[in-house]
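Trainee: Right, I'll just put the structure down here and ask away after.
None of the figures in this text is laboratory data; all of them are computed from the coordinates on show. Note that the structure is predicted; figures quoted are calculated from it, not measured. Virtual Cβ from ideal backbone geometry, glycine too; neighbours counted across all protein chains shown.
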């Protein structure tokens, strides 16, 4: 699509391109996606049995995930609209997100190194395979699909980047949901494997977004 065709297409749909409409749709996608994810978690996996006693740790994990989702959401909002060659704008928005992710991984590794050698494996993996890297994207899937619906009409032009941002945002929401089930409270486990799960969701979003976000 040429620049003239893009301008003409946007001019034909002035109502759908308004920021207020886009914000409402994204807010709707986030709320409904979170609710659907929690319902699916309750039906298929259930909440951790000691969720009442472990509420502070659950809140910590959910808050950490929400922090990543917040920065990813800012990036997704910018990429939802035509970006053109504004590489600096994208870089400024992606910078804080990458800083949070790298800081979390660094904290996880430092914490792991300070753990007694005999307990490092359990602290790192939770005693087995870190299923969160698969379950986090799954928990965020309803949010991801709704975000694609919300952002399609905003005319994103960098589809892979927009898809990656949607994936990171939905992955953050998925991690918030998964925290209600996860019984591993190790700082190393959360800061490393939750980030990996969100990163996987972002990578999948980049691959799929090229097709789903095309307009």
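Trainee: If you average 1/r over all unlike Cα pairs in the stretch 18-212 and invert the result, what Kirkwood radius do you get in angstrom?
Mentor: Result for the stretch 18-212 stands at 16.9 Å.
Trainee: Next up: Please arrange 139, 132 by how many other C-beta atoms lie within 10 Å of their C-beta, fewest to most.
Mentor: In increasing order of surrounding Cβ atoms, one gets 132, 139.
Trainee: Taking the Cβ of each residue in 18, 191 as the centre, tally the other Cβ atoms inside 10 Å and list the residues starting with the fewest.
Mentor: Lowest count first: 18, 191.
Trainee: So for the stretch 170-215, what percent of the C-alpha to C-alpha distances run longer than 11 Å?
Mentor: 69 percent
Trainee: Restricting things to alpha carbons, tell me how big the stretch 93-177 is in terms of Rg and Dmax, in Å.
Mentor: Cα-based Rg and Dmax for the stretch 93-177 come out at 16.5, 53 Å.
Trainee: In a Gaussian network model over the chain where Cα atoms closer than 10 Å are linked, find which of 157, 115, 125 has the largest mean-square fluctuation.
Mentor: The residue that fluctuates most here is 115.
Trainee: Applying a 10 Å radius around every beta-carbon, put 70-77, 105-112 in order of their mean neighbour count, most first.
Mentor: Sorting 70-77, 105-112 by mean packing, highest first, produces 70-77, 105-112.
Trainee: Given the options 49, 142, 156, state which has the largest fluctuation in a GNM of the chain using a 10 Å cut-off (strictly under) for Cα springs.
Mentor: 49
Trainee: Which FRET efficiency, nearest 0.05, do residue 110 and residue 67 yield, Cβ-Cβ r, R0 25 Å?
Mentor: Step by step, r from the Cβ atoms, then E = 0.85.
Trainee: With n ≥ 4 as the cut-off for DSSP H runs, can you work out [θ] at 222 nm for the chain, using -39500 (n - 2.57) per run divided by the number of residues, rounded to the nearest 500?
Mentor: After summing the helix terms and dividing by the residues of the chain, the value is -23500 deg cm²/dmol.
Trainee: Report the Cα centroid-to-centroid distance between the stretch 65-81 and the stretch 161-189 in angstrom, as an integer.
Mentor: That distance is 13 Å.
Trainee: When the chain is treated as a GNM, springs tying every alpha-carbon pair under 10 Å, which of 59, 175, 69 comes out with the largest mean-square fluctuation?
Mentor: 59
Trainee: For the chain, take the longest principal axis of its alpha carbons; what is the angle in degrees between that and the long axis of helix 55-79, to the nearest 10 within 0 to 90?
Mentor: 20 degrees
Trainee: At a Förster radius of 35 Å, what calculated FRET efficiency corresponds to the Cβ-Cβ distance of residue 43 and residue 98, to the nearest 0.05?
Mentor: After rounding to 0.05, the efficiency reads 0.50.
Trainee: Nearest 10 degrees, 0 to 90: what angle lies between the long axis of helix 3-12 and the longest principal axis of the chain (Cα atoms)?
Mentor: Tilt relative to the chain: about 90 degrees.
Trainee: Under the definition of Cα pairs under 8 Å and six or more residues apart, what whole-number percent is the relative contact order of the chain?
Mentor: 32 percent
Trainee: As I understand it, the value is the acute angle between the Cα axis of helix 87-113 and the longest principal axis of the Cα atoms of the chain; what does it come to in degrees, rounded to 10?
Mentor: 10 degrees
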